[in-house]
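Trainee: Here it is, the structure, as structure tokens.
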Amino acid sequence: MPISSRDPLVVGRVIGDVLDPFESSFPVRVTYNNRDVTNGCEFRPSQVLNQPRVTIGGDDLRNFYTLIMVDPDAPSPSDPNLREYLHWLVTDIPATTGPTFGHEVVPYENPRPAMGIHRMVFVLFRQLGRETVYAPGWRQNFNTREFAELYNLGLPVSAIYFNIQRESGSGGRRLY
């Protein structure tokens, strides 16, 4: 399927802000408290306190994957000067399993946006081998593209995102 302007990753500006165009070629499922993440869906901070359950498809346990979770809108969508903020990084995940079978390089940090609607992006890369990806020095100003290039990860095999805002956020502009 060619990348089109109807692709939710294009509409949500994940393609462009975080990733270069790619074709999703691998199944990945992300759930928080038995609720599936679908592109553009909304969650509140209270719903994402604990790391999600992630199921990676495939059929060959000899293939390993890296899962990245970033916020390209930190600290606020109008001034994302910490773009991208790294919330989670797990490497060496065998196909057909999930992050609990991989190596958690950067522990899960639950999203707590203070201002505006933020996109939380999960990106899955296929690794060339095991133990080939290492921890970055910090969480803020992480760059998914540069990270993938540094470790020869190539283009993603899958990506999915959700929107999140303050627990009490209304989702729109306030008119006074």
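The values are calculated or read from the model by the stated rules, or taken from the named source; none is laboratory data. In this text the structure is predicted, and so the values were computed from the model without any measurement. Positions of Cβ are generated from backbone atoms using ideal geometry, with glycine treated the same way; all protein chains shown enter the neighbour counts. The area values use the complete protein model at the heavy-atom level, side chains included, leaving out ligands, DNA and RNA. Shrake-Rupley method; radii C 1.70, N 1.55, O 1.52, S 1.80 Å.
Trainee: Does L9 count as farther than 19 Å from T144 by Cα and hydrophobic (A, V, I, L, M, F, W, C)?
Mentor: On the way: farther than 19 Å from T144 by Cα: no; hydrophobic (A, V, I, L, M, F, W, C): yes.
In short, no.
Trainee: In the range 1-23, which residues are of a type in the set (A, V, I, L, M) and under 13 Å from the mean Cα position of the chain (by Cα)? Spell out how you get there, then give the answer.
Mentor: Narrowing the range 1-23 to residues of a type in the set (A, V, I, L, M): 1, 3, 9-11, 14-15, 18-19.
If the condition is that a residue be of a type in the set (A, V, I, L, M) and under 13 Å from the mean Cα position of the chain (by Cα), then L9, V14, I15, V18, L19 are the ones that fit.
Trainee: List every residue pair whose Cβ atoms lie under 7 Å apart, where the two residues are 6 or more positions apart in sequence or sit on different chains, the first residue falls within the range 58-83 and is free of Cβ contacts under 8 Å to residues at least 60 places away in the same chain and of a type in the set (D, E), and the second residue, located anywhere, is open to solvent by 10 Å² or more (accessible area, probe 1.4 Å) and in a loop (DSSP other than H, G, I, E, B).
Mentor: D59/T96; D73/P80; D73/G116
Trainee: Can you pull out the residues in the range 96-121 that are touching a residue at least 40 places away in the same chain (Cβ under 8 Å) and aromatic (F, W, Y)?
Mentor: First, pick out the residues of the range 96-121 that are touching a residue at least 40 places away in the same chain (Cβ under 8 Å): 96-99, 108, 110-121.
Of everything in the range 96-121, just one residue is touching a residue at least 40 places away in the same chain (Cβ under 8 Å) and aromatic (F, W, Y), namely Y108.
Trainee: Answer yes if at least one residue in the range 158-165 is within 21 Å of G98 (Cβ to Cβ) and of a type in the set (F, W, Y), and no otherwise. Steps first, please.
Mentor: So in the range 158-165, the residues within 21 Å of G98 (Cβ to Cβ) come out as 158-162.
Still in the running and of a type in the set (F, W, Y): 161-162.
Yes; the residues of the range 158-165 include at least one that is within 21 Å of G98 (Cβ to Cβ) and of a type in the set (F, W, Y).
Trainee: Return the residues of the range 11-49 that are among the hydrophobic types (A, V, I, L, M, F, W, C), open to solvent by 40 Å² or more (accessible area, probe 1.4 Å) and not in a loop (DSSP other than H, G, I, E, B); say none if nothing qualifies. Show your work before the answer.
Mentor: Keep residues of the range 11-49 that are among the hydrophobic types (A, V, I, L, M, F, W, C), which gives 11, 14-15, 18-19, 22, 26, 28, 30, 37, 41, 43, 48-49.
Among the residues that remain, those that are also open to solvent by 40 Å² or more (accessible area, probe 1.4 Å) are: 11, 49.
If the condition is that a residue be among the hydrophobic types (A, V, I, L, M, F, W, C), open to solvent by 40 Å² or more (accessible area, probe 1.4 Å) and not in a loop (DSSP other than H, G, I, E, B), then V11 is the only one that fits.
Trainee: Report, ordered by the first and then the second residue, all pairs with beta carbons closer than 9 Å, sequence separation of six or more or different chains, a first member in the range 122-135 that is polar (S, T, N, Q), and a second member that is at pLDDT below 90.
Mentor: Once the first residue is polar (S, T, N, Q) and sits in the range 122-135, its partners that are at pLDDT below 90 give Q127/V133.
Trainee: State yes or no: is P52 of a type outside the set (A, V, I, L, M), closer than 14 Å to F122 by Cβ and open to solvent by less than 30 Å² (accessible area, probe 1.4 Å)?
Mentor: Spelling it out, P52 is indeed of a type outside the set (A, V, I, L, M), closer than 14 Å to F122 by Cβ and open to solvent by less than 30 Å² (accessible area, probe 1.4 Å).
Trainee: Of all residues in the range 24-46, which are over 13 Å from the mean Cα position of the chain (by Cα), within 17 Å of V121 (Cβ to Cβ) and without any contact (Cβ under 8 Å) to a residue 60 or more places away in the chain?
Mentor: Correct list: Y32, D36.
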